[in-house]
Amino acid sequence: MWNGVGGGERAEVIDEENFRYVSLEFDEDQLVGAITLGHTDHVGVLRGLIQTGTHLGAWKQRLMADPTRVMEAYLAATQV
């Protein structure tokens, strides 16, 4: 299992009642890894953020507080 990057941060939510798990790995304000189980609605968004190395700015802290808000973060970070 991948353990992220040295000095990176992880945001995680476990929703046992709804059988959902989301884990996001960050290097500074960039998403560098993600694991989702039972919550695969935005897998393409996660992949896009990781592959493009998008800088999330203030949205990184919002995702640290609530990792399920990836679609909002994507729209805010990619819409000019």
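The values are calculated or read from the model by the stated rules, or taken from the named source; none is laboratory data. Source: prediction; values computed, not measured. A quick note on method: Cβ atoms are made from the backbone with ideal geometry, for glycine too, and the neighbour counts reach across all protein chains shown.
For every residue, the table says whether it meets (1) exposed (fewer than 14 other Cβ atoms within 10 Å of the Cβ); (2) touching a residue at least 40 places away in the same chain (Cβ under 8 Å).
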position: Val5; (1), (2): no, no
position: Asn18; (1), (2): yes, no
position: Phe26; (1), (2): no, no
position: Val43; (1), (2): yes, no
position: Trp59; (1), (2): no, no
position: Leu63; (1), (2): no, yes
Ala77 being of a type in the set (A, V, I, L, M), at pLDDT below 95 and in a helix (DSSP H, G or I): yes
Within region 55-65, is even one residue in a strand (DSSP E or B) and touching a Gly at 6+ places or on another chain (Cβ under 9 Å)? no
Filtered residue count, region 65-80, keeping only those that are surrounded by fewer than 19 Cβ atoms within 10 Å (Cβ to Cβ), in contact (Cβ under 8 Å) with a residue 12 or more places away in the chain and of a type outside the set (Asp, Glu): 5
